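Undergrad: My questions will all concern the structure given below.
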Amino acid sequence: MKELDIAEVAQLANVAPSALRFYEKKGLIYPTGRNGLRRQYSADVLNRLALIALGQTAGFTLDNIAAMFDRQGRLTLEPQRLLSRADEIDQTIRELKKVSEGLRHVAGCTAPNHMQCPQFLKLLGRVKTASSEGAR
């Protein structure tokens, strides 16, 4: 398997070398050795970095992501935890969609005062409901 040095990994994964060193300290990635002073990684580190990026985008912390690997570095996912996070993301999407509708309405509304526009007030009620549901 091809070895990549830290600069190559950083460039290919679009991740700063300092982030790679931090991920290493967190136990998320492991170098295979060194070439002089430069860390070397196997090419499959790129897949792991893509998985880390996906996990962060999904809202998982680096500690959460690290816990998804066993002692041998194999991925061990908990389906219920993933489904729960997916449900949270879906709820956020619904709430943001309502906010988007409100913004689009205000941008095109011809009412002289938005606070007297029935459609806008209806949209405000939706947004208020969506945010108050999240506070429960």
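Undergrad: Tell me, which residue of region 55-85 that is open to solvent by less than 80 Å² (accessible area, probe 1.4 Å) and hydroxyl-bearing (Ser, Thr, Tyr) is nearest to VAL45 (Cα to Cα)?
TA: It comes out as THR76.
Undergrad: Can you tell me which of (1) in a helix (DSSP H, G or I); (2) over 30 Å from LYS2 (Cβ atoms); (3) open to solvent by 60 Å² or more (accessible area, probe 1.4 Å) is the one PRO112 doesn't meet?
TA: Status for PRO112: all satisfied but (1).
Undergrad: If you scan region 1-21, which residues turn out to be open to solvent by 70 Å² or more (accessible area, probe 1.4 Å) and touching a residue at least 24 places away in the same chain (Cβ under 8 Å)?
TA: Result: MET1, LYS2, GLU3, LEU12.
Undergrad: Here is a follow-up. Within region 115-134, work out how many residues are modelled with pLDDT of 80 or more and either among the acidic types (Asp, Glu) or open to solvent by less than 90 Å² (accessible area, probe 1.4 Å) (or both).
TA: Counting residues in region 115-134 that are modelled with pLDDT of 80 or more and either among the acidic types (Asp, Glu) or open to solvent by less than 90 Å² (accessible area, probe 1.4 Å) (or both) gives 4.
The values are calculated or read from the model by the stated rules, or taken from the named source; none is laboratory data. Keep in mind it's a predicted model, so treat the numbers as computed, not measured. Here the Cβ is made from the backbone with ideal geometry for all residues, glycine too, and neighbour counts use every protein chain on show. When the accessible area is computed, the model is the full protein with side chains, heavy atoms only, and any ligands, DNA or RNA have been set aside. Shrake-Rupley method; radii C 1.70, N 1.55, O 1.52, S 1.80 Å.
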